[in-house]
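Readers should treat all values here as calculations from the given coordinates under stated rules, not as data from a laboratory. What you see is a predicted model, and the numbers here were worked out from it, not measured in a lab. In this analysis, Cβ positions are derived from the backbone assuming ideal geometry, glycine residues included, and neighbour counts consider all displayed protein chains.
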Amino acid sequence: MTLNNDDDLRGMQAIGRLCGNVLQHMGASIRPGMTTAELDLIGRRMLEEAGARSAPETCYEFPGATCISVNEEVAHGIPGDRVIAEGDLVNIDVSAELDGFFADTGASFAVGRVAPNLDRLCRDGKRAMWVGLKEVKAGRPLSAIGNAIGAFARKHRYTLVSNLASHGVGRSLHEEPSEIATWPDRHEKRTMTDGLVFTVEPFLSLGAQWAENGDDDWTLYSDPRAPTVQFEHTVVATKNGPLILTLPG
């Protein structure tokens, strides 16, 4: 969507802040021995208490309030009886609707003591997201985001999953502009307009270049199998740069 007035901005700020708070609380609640269903329930309760609805559940009949992906699962993991263990890599993706406005955010968390390369991957995944966010400004090409993230990945010897893209968000969970590459894409010719709302969500990996379907209708796996992290914010392009909506507060 494109923000047209102060009411639009206030609506997006409210749902963005809520999604950020839910993600932060879920991340802080991760403990070895808990199931992904138990972790999801924490998010569901926070959303319901605020009068919000899970976006994937509402829009796509996803079987959970949030997406929780562990280790080899790169995205859209279904909460269930999988037990989170010390050393796991857990991605949480929170998207929700409140008063007709949608926001989307996500982050990856290393559980307890993990291998040094996984700890570094988490730190660099967040850095890659911020590298992309810093390119957000009205009048600039959308391709600047993927070019900057791609340069960061090359410099630090990572790969990027190139079939999971950023997207417009606001009045629905996925809307125009669709398929915003977080990797270099020479075919991307669109421009960020003032007030445009979209996500920035790179998938940084130690070798994966693709996300492939698994045995269920939702879960995606890294191809080739390799540790992969995702970090995501919903952002508004303004003349002064990025206005990030999904920061907790």
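If you take the residues of the range 27-48 that are in contact with a strand residue (DSSP E or B) (Cβ under 9 Å, 6 or more places away or on another chain), in contact (Cβ under 8 Å) with a residue 24 or more places away in the chain and of a type outside the set (A, V, I, L, M, F, W, C), which of them is farthest from ILE84 (Cα to Cα)?
GLY43
What is the one condition in (1) buried (at least 17 other Cβ atoms within 10 Å of the Cβ); (2) touching a residue at least 60 places away in the same chain (Cβ under 8 Å); (3) not in a strand (DSSP E or B) that PRO63 does not satisfy?
With (1) buried (at least 17 other Cβ atoms within 10 Å of the Cβ); (2) touching a residue at least 60 places away in the same chain (Cβ under 8 Å); (3) not in a strand (DSSP E or B) applied to PRO63, the lone miss is (1).
Under 6 Å by Cβ, and 6 or more places apart or on different chains, what pairs join a residue from the range 13-26 that is touching a residue at least 60 places away in the same chain (Cβ under 8 Å) with one that is of a type in the set (Phe, Trp, Tyr) and buried (at least 22 other Cβ atoms within 10 Å of the Cβ)?
Pairs that qualify, where the first residue is touching a residue at least 60 places away in the same chain (Cβ under 8 Å) and the partner is of a type in the set (Phe, Trp, Tyr) and buried (at least 22 other Cβ atoms within 10 Å of the Cβ), are ILE15/PHE101.
Out of all the residues in the range 66-81, which are touching a residue at least 60 places away in the same chain (Cβ under 8 Å) and either in a loop (DSSP other than H, G, I, E, B) or surrounded by fewer than 22 Cβ atoms within 10 Å (Cβ to Cβ) (or both)?
Selection gives ASN71, GLU72, ALA75, HIS76, GLY77, ILE78.
Identify all residues within the range 160-188 that are within 17 Å of LYS137 (Cβ to Cβ) and not in a strand (DSSP E or B); write none if there are none. Before the answer, list the steps.
Within the range 160-188, the first condition is being within 17 Å of LYS137 (Cβ to Cβ), and the residues that meet it are 166, 168, 177, 180, 182, 188.
Matches in the range 160-188: THR182, GLU188.
With the requirement that a residue be in contact with an Asp or Glu (Cβ under 8 Å, 6 or more places away or on another chain) and among the hydrophobic types (A, V, I, L, M, F, W, C), what does the range 72-94 give you? So that I can check it myself, show each step before the final result.
Filtering the range 72-94 for residues in contact with an Asp or Glu (Cβ under 8 Å, 6 or more places away or on another chain) gives 75-76, 78-79, 91, 93-94.
Hits for the range 72-94 are ALA75, ILE78, VAL94.
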